[in-house]
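Right, one structure below, let's go through it.
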Amino acid sequence: MYNLSLLEGFGRYIERHELFTHNDRILLTISGGVDSMVMLSLFVRSGYNIGVAHCNFGLRGEESDEDTAMVVRECERIGVICHTQNFDTVGEMERTGESMEMAARRLRYAWFYELCAEHGYSAIAVAHHTDDSIETFFINLLRGTGLRGLTGINNQLGRVVRPLLFATRKDILEYAVQNHIPYREDSSNRSTKYLRNKIRLGLLPMIREINPKFTALMRGNLYRLGDAQRFIEVAMAKICREVVSHDGDTDTIAIERIDAEFPRDFVIYSILNSSYGFKGDVVEELCRSLAHGHTSRRYYSRDYVAYLDRGNITVAPIGEEDDCEIEVSRSAMRSYCGNSVLYYDHTDIDNVNEYNLPPEVALLDEAKLQYPLTLRRWREGDSFIPFGMAGRKKVSDYLTDRKVSAVERKRQFVLVSGEDIVWLVGHRTDERFRITNRTENILKITKERL
């Protein structure tokens, strides 16, 4: 039997939000999990013109291959074209220094857009639902975010549409059981190694025990937060026209033009974050400097540098000659370097369970570090003693030996203690700062691609 409430809700949600029409050709991203397989069923039963894209990231061995086989079988059974692609995700992680999630995301979306161009798909459908949006709220809340990060997941962003955001995980599972939908369970979904799973399996069940209506309550909260964010964006567009001036590729934010009744720091954050990609803690530091009249520091996002100039904020693209140097205090939780972010964790040696870590994670003997540390782009003449070696090696030679591309070389950062490089970020730590049997406290640094 059909789950009419889910099927009808599906059609109404698409129509209300004008996600697409029956004249569009839609690419469905189908992993083989219950969410995407139910989405496939709903699209077929609603009569849309669709194709399926399935990625095999090669991360779970036979399990990944069995996912692919099931998706292909189901598409053949219902007569839907199925595009499949195998990715060397681990190799890509090693090449770029990205986390597994970031590498997989970049690979799949690049392929999705290639399929759209080649086969005429006008939309890419992803099977996120209400519970995913709630989990995203808590992830962003725990990592630190502005209001935009607390609005959950957008139902449309460019070509990407999410037509299941109206449905809960419970709705989807009930539909799958009632309609005998084949699907496979990803074993990694049960691992609490990932933050999303910790929230899904640990935090949210406790909240639902306190308030069984929590999901419905949060759905309403996310809707209202989304409205508030849209209101702010309209208001900020008007404010930007009044306070931001442009001179070539350099912009100036005139602080004195911000209405005194407005929360000044929030206005500055909104402009710097939405227009130039500056993160919240970077803007907080800038605003503190503005309040105290400090003008010597420079502040960086992925592509821009900001600095204070006669009471105003000047923003410009980062020049090739700019080494993006910033101080890292012992209390710092994270810092930004190019297209990556570094997370700092001070811990006891007894809390470290694994030492054979990927190159995007560094373990340093805390006692050997001289704070504040310095994070900057590498310079000609820089050298260090790579972990496991006895002699010095120039950074330029190390990058050449590793066959790092010219583009990535320009983005390469080093972390410095005093005059010594302690980590060629994302590649190798310095032998002098390694963990030994005398180490008591550790600085653990994790690099993640933005």
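Which numbered condition trips up Met100, out of (1) among the hydrophobic types (A, V, I, L, M, F, W, C); (2) more than 16 Å from Ile181 (Cα to Cα); (3) free of Cβ contacts under 8 Å to residues at least 40 places away in the same chain?
For Met100, the exception is condition (3).
Can you tell me which residues in the stretch 399-413 are in contact with a Phe, Trp or Tyr (Cβ under 9 Å, 6 or more places away or on another chain) and assigned to a helix (DSSP H, G or I)?
Once the filter is applied, which keeps residues that are in contact with a Phe, Trp or Tyr (Cβ under 9 Å, 6 or more places away or on another chain) and assigned to a helix (DSSP H, G or I), the stretch 399-413 yields Leu399, Arg409.
Within the stretch 7-30, is there a residue that is part of a loop (DSSP other than H, G, I, E, B), out of contact with any Pro (no Cβ under 6 Å at 6 or more places or on another chain) and small (Gly, Ala, Ser)?
Checked against the condition, which is being part of a loop (DSSP other than H, G, I, E, B), out of contact with any Pro (no Cβ under 6 Å at 6 or more places or on another chain) and small (Gly, Ala, Ser), the stretch 7-30 yields no hits at all.
Being surrounded by 11 or more Cβ atoms within 10 Å (Cβ to Cβ), over 27 Å from the mean Cα position of the chain (by Cα) and assigned by TED's automatic domain parsing to the domain that holds Glu66, is that true of even one residue in the stretch 214-228?
Checked the stretch 214-228: no residue is surrounded by 11 or more Cβ atoms within 10 Å (Cβ to Cβ), over 27 Å from the mean Cα position of the chain (by Cα) and assigned by TED's automatic domain parsing to the domain that holds Glu66.
Six or more apart or on different chains, Cβ under 7 Å: which pairs go from a residue in the stretch 149-174 that's crowded, with 17+ Cβ neighbours inside 10 Å to one that's aromatic (Phe, Trp, Tyr)? Could you list them?
Pairs that qualify, where the first residue is crowded, with 17+ Cβ neighbours inside 10 Å and the partner is aromatic (Phe, Trp, Tyr), are Leu150/Phe137; Gly152/Phe137; Val161/Phe20; Pro163/Phe10; Pro163/Tyr13; Phe166/Tyr13.
Only strands (runs of 3 or more DSSP E) wholly contained in the stretch 307-357 count here; list those with 2 or more residues that are at pLDDT below 90 and farther than 22 Å from His292 by Cβ.
Counting at least 2 such residues, we get 334-337, 340-348.
Going by what's in this entry, would Val395 be described as in contact with an Asp or Glu (Cβ under 6 Å, 6 or more places away or on another chain), aliphatic (A, V, I, L, M) and touching a residue at least 40 places away in the same chain (Cβ under 8 Å)?
Taking the combined requirement at face value, the residue does not satisfy it.
Give all pairs with beta carbons closer than 6 Å in which a residue from the stretch 357-386 that is closer than 19 Å to Cys324 by Cβ and outside the structural domain of Tyr299 (by TED's automatic domain parsing) meets a residue that is of a type in the set (S, T, N, Q) and surrounded by 20 or more Cβ atoms within 10 Å (Cβ to Cβ); count only pairs at least 6 apart in sequence or on separate chains.
Filtered contacts from the stretch 357-386: Ala362/Thr429; Leu373/Ser417; Leu375/Ser335; Trp378/Gln412.
Are any residues in the stretch 290-306 farther than 19 Å from Gly149 by Cβ and buried (at least 16 other Cβ atoms within 10 Å of the Cβ), and if so, which ones?
If the condition is that a residue be farther than 19 Å from Gly149 by Cβ and buried (at least 16 other Cβ atoms within 10 Å of the Cβ), then Leu290, Tyr299, Tyr300, Tyr304, Val305, Ala306 are the ones that fit.
The values are calculated or read from the model by the stated rules, or taken from the named source; none is laboratory data. No experiment lies behind these values; they were computed from the predicted model shown. Using ideal geometry, Cβ is built from the backbone for each residue, glycine included, and neighbour counts are taken over all protein chains shown.
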